[in-house]
Amino acid sequence: LSARDLDALAFLGTMGVAAQYQLHIRCFAGRSEVVVSRCVQRLRRRKLVDVHRWNQTGINLLRLTKEGRQIVLETGGLPESKLFVPKWPAPSALSHTLWIVDAVLALRAVAPGFDIVPCWALRRRFAGTESPVPDVLAVSQDGMKLIAVEVDMGGENLRRVFAPKLETLVDALRSWAPEASRAAVVLTTSERRATAIEALMSGGVTTRLLPRVIGRPAVAAIAEVLTRP
C-alpha cells in the first residue's frame, strides 16, 4: 500500500462514512477522478473498503472494512479510539452525515492547524457524561479558540427541541474553555429558520444557510459562509 492509500484509509476510518468526492478533496487534491477511482477499486479488491452506490446511480459511499481498520492500526495511522466502522447511514440520515463531513473539510481549509473533530468522535470522547456535542468542533492548538458547527436540517421543532439543545451546547462550550474565544455557527435550511433561531437564542450563535449546491462545490461553499463577516 502506498502512503496515499494509507492516508485514504485513515480518513475513512476517522469519518466513518464518506462520499468518494470527499475522499478526493481530502487525499487527492489536484489529481483526476480517474486516480481516485483506481485507488478505491484497488482498496476494494483487497477488501479494505466497502463501496455502496447510493440509489444505484448516485454517489459512491465509502467505509472501512474490519480488515481496513486492522491495516490502519498496524501501520500506526490512527489509534483505535479514533477509528469508526459504522453501518451505512439510513436514508433519512445520509444528508446530515455528508454535510458534517463537508463541514469538516471546509474547516480544514479555513482553520489550518486546528484539531477538527466530528460529532461521533466527540460522543466517544464524552461517553458517560451528559455533555452535549456539536456536529463538528474545531480547537486551536493552544486551546484558546473553539469553533462549533451545528448542521440543522430543519426537522426539529425550534422552540421545544432545537433552541434548548443549542443553548445547552453554547453553555457547554463556555465550560470547556472559559478563557477561550468561541464561535458557534448553525448551518440551516432557510432564511426564515435562521432568523427564528437567532431570535430564540440569548446570543453567542451565528446562523448561515446551507449551500444550494451539493457534492464537491458544497465544501467550498461552506468554507465561504464560515469566513463571511
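The values are calculated or read from the model by the stated rules, or taken from the named source; none is laboratory data. Here the structure is a predicted model, which is why all the values come from computation and not from measurement. Cβ sites come from the backbone with ideal geometry, for glycine too, and all protein chains shown count toward neighbours. Keep in mind that these areas ignore ligands, DNA and RNA; they rest on the heavy atoms of the full protein, side chains included. Shrake-Rupley method; radii C 1.70, N 1.55, O 1.52, S 1.80 Å.
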(request) Take Thr195 and decide whether it is among the hydroxyl-bearing types (Ser, Thr, Tyr) and under 30 Å from Gln20 (Cβ atoms). (result) no
(message) Can you list residue pairs whose Cβ atoms sit under 7 Å apart, with the first residue in the stretch 67-92 being touching a residue at least 60 places away in the same chain (Cβ under 8 Å) and the second being open to solvent by 40 Å² or more (accessible area, probe 1.4 Å) and among the aromatic types (Phe, Trp, Tyr)? Count only pairs 6 or more apart in sequence or on different chains.
(response) Phe84/Trp120
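When you go through Val49, Val85, Val104 one by one, which is the residue that is at pLDDT 95 or above, under 30 Å from Leu169 (Cβ atoms) and surrounded by 15 or more Cβ atoms within 10 Å (Cβ to Cβ)?
Numbers: Val49 fails: under 30 Å from Leu169 (Cβ atoms); Val85 fails: at pLDDT 95 or above.
Going through Val49, Val85, Val104 in turn, the sole match is Val104.
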(message) Can you list the helices (runs of 4 or more DSSP H) lying wholly within the stretch 1-62 that have 1 or more residues being in contact with a strand residue (DSSP E or B) (Cβ under 8 Å, 6 or more places away or on another chain) and closer than 19 Å to Arg108 by Cα?
(response) 3-15, 20-27
(request) With the checklist (1) open to solvent by 10 Å² or more (accessible area, probe 1.4 Å); (2) free of Cβ contacts under 8 Å to residues at least 60 places away in the same chain in hand, flag the one item Trp99 doesn't pass. (result) (2)
(request) Out of the residues in the stretch 56-76 that are among the polar types (S, T, N, Q) and touching a Leu at 6+ places or on another chain (Cβ under 8 Å), state the one that is farthest from Leu98 (Cα to Cα). (result) Thr75
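Going by the structure shown, is Arg228 part of a loop (DSSP other than H, G, I, E, B) and not aromatic (Phe, Trp, Tyr)? First the steps, then the outcome.
Details: part of a loop (DSSP other than H, G, I, E, B): yes; not aromatic (Phe, Trp, Tyr): yes.
Spelling it out, Arg228 is indeed part of a loop (DSSP other than H, G, I, E, B) and not aromatic (Phe, Trp, Tyr).
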(message) With at pLDDT 95 or above and not in a helix (DSSP H, G or I) as the only criterion, which of Leu137, Leu98, Leu78 stands out?
(response) Leu137
(message) For the structure I just gave you, tell me whether Leu173 is modelled with pLDDT under 95, hydrophobic (A, V, I, L, M, F, W, C) and open to solvent by 20 Å² or more (accessible area, probe 1.4 Å).
(response) no
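Within the stretch 182-199, count every residue that is assigned to a strand (DSSP E or B), within 22 Å of Val213 (Cβ to Cβ) and open to solvent by 40 Å² or more (accessible area, probe 1.4 Å).
0
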(request) Hey, can you tell me all the residues within the stretch 56-72 that are within 22 Å of the chain's Cα centre (by Cα) and open to solvent by 70 Å² or more (accessible area, probe 1.4 Å)? (result) Lys66
(request) Give the stretch 110-132 a look and list any residue that's open to solvent by 60 Å² or more (accessible area, probe 1.4 Å) and either modelled with pLDDT of 95 or more or basic (Lys, Arg) (or both), or say none. (result) Asp115, Arg123, Arg124, Arg125
